[in-house]
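The structure appears right after this line, and notes come after that.
The values are calculated or read from the model by the stated rules, or taken from the named source; none is laboratory data. Note that the coordinates shown come from a computational prediction; the quantities given were computed from them, not determined experimentally. Every residue, glycine among them, receives a Cβ derived from its backbone with ideal geometry; neighbour counts consider all protein chains shown. What goes into the accessible areas is simple: the full protein's heavy atoms, side chains included, and nothing from ligands, DNA or RNA. Shrake-Rupley method; radii C 1.70, N 1.55, O 1.52, S 1.80 Å.
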Amino acid sequence: MPDHSNTVAIVTGAGHGIGRAIALRLAQEGAAVCIMDINGQQAEETADLLREAGHEVIFKVADITDFAAVKRAVGETETEWGPVGLLVNNAGFTDAGDIDGIALEEWHREVDVNLNGPYHCLRAILPGMKAQGRGVVVNISSVNGVRFFGNPAYSAAKAGIINLTQSVASEYGKHGIRCNAVLPGSVRTENASWEIRIRKDPDVFRKLARWYPLGRVAEPEDVAKAVSFLASDEASYITGVSLPVDGGLLAGMNVMIDEFILEAKD
Ligand SMILES: NC(=O)c1ccc[n+]([C@@H]2O[C@H](COP(=O)([O-])OP(=O)(O)OC[C@H]3O[C@@H](n4cnc5c(N)ncnc54)[C@H](O)[C@@H]3O)[C@@H](O)[C@H]2O)c1
């Protein structure tokens, strides 16, 4: 099991869904976890969960698109606990929309939260890591960052995160800092965009499963396990990579093969 003891970790968007699972796993593996979330009530719920399980936790309410708020939250965490050793850039969201249908403000907000927000967190945390000569960053991108599965603003921002991951890995490797990205496929969370789809079709996750070679969508813990590995010394020579955690979705066109190619052989 990866060991994260003596690590101060900031997990953005840990008030809910995947971020909550990541915070819980890192705490179980010894990290002191700071939850940074725009939603104070959800952040507090995650903090209570961790505290009740006997883990060290604090939470900071901050919108990651607000650099001053991010800097303040990071500064307070460092004052309370010392240098941040691990940043998990997880906060993100999407509203569906196509290229000419999406309102301009919505496009800007999606890019702001999904790309500029993680950059703000890096900007606030990297100087401290550099001073320590060590640190790890895990960015949560998406399979949407490498293929188009809908939601163009979100997808463009998630593609940007993959390149940003490579920039940080390249520029900060000499300072003992590693930076990797995780690319989840569909993950069973109750985020706003899944809620809308679930309302339309309560069976959506079961129907989606056929697109995944492993026959199911991901649970938040599947992503948390990958984050924990990349954050740990087990991955000490891994930096700049984008790891799909997608049950094989990007490996091939499963449904196309089943429906058209293999069928043609009959
Ligand atoms: N659920 C999926 O299917 C899926 C698939 C691929 C990638 N992802 C990515 O995983 C991450 C987490 O997704 P989720 O499904 O757990 O979402 P979620 O909506 O369940 O949780 C996201 C959390 O981020 C917080 N947040 C949102 N905007 C914020 C902001 N501006 N500043 C600070 N906090 C903010 C929310 O309050 C919430 O607590 C996102 O980056 C998402 O793009 C999710």
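Summary table
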{"read-out": "The one condition in (1) within 16 Å of the ligand (Cβ to nearest atom); (2) surrounded by 14 or more Cβ atoms within 10 Å (Cβ to Cβ); (3) more than 21 Å from A91 (Cα to Cα) that A235 fails to fulfil", "value": "(1)"}
{"read-out": "Pick from region 65-91, criterion within 16 Å of the chain's Cα centre (by Cα) and open to solvent by 10 Å² or more (accessible area, probe 1.4 Å), ranking: nearest to G117 (Cα to Cα)", "value": "T65"}
{"read-out": "Single match in A103, A53, A96, A124 (criterion: surrounded by 22 or more Cβ atoms within 10 Å (Cβ to Cβ) and either in contact (Cβ under 8 Å) with a residue 24 or more places away in the chain or within 21 Å of N144 (Cβ to Cβ) (or both))", "value": "A124"}
{"read-out": "Selected residue (only one of D112, D95 is within 20 Å of the chain's Cα centre (by Cα) and at pLDDT below 95)", "value": "D95"}
{"read-out": "Region 175-192, subset open to solvent by less than 30 Å² (accessible area, probe 1.4 Å) and within 6 Å of the ligand (Cβ to nearest atom), residue nearest to the chain's Cα centre (by Cα)", "value": "P184"}
{"read-out": "Close pairs from region 3-28: first on the phi > 0 side of the Ramachandran plot, partner more than 16 Å from the ligand (Cβ to nearest atom), Cβ under 9 Å, at least 6 apart", "value": "N6/G30; N6/A31; N6/A32; N6/G85"}
{"read-out": "Scope region 208-223; condition within 14 Å of the ligand (Cβ to nearest atom) and of a type outside the set (G, A, S); matching residues", "value": "L208, W211, Y212, R216, V217, E219, P220, E221, D222, V223"}
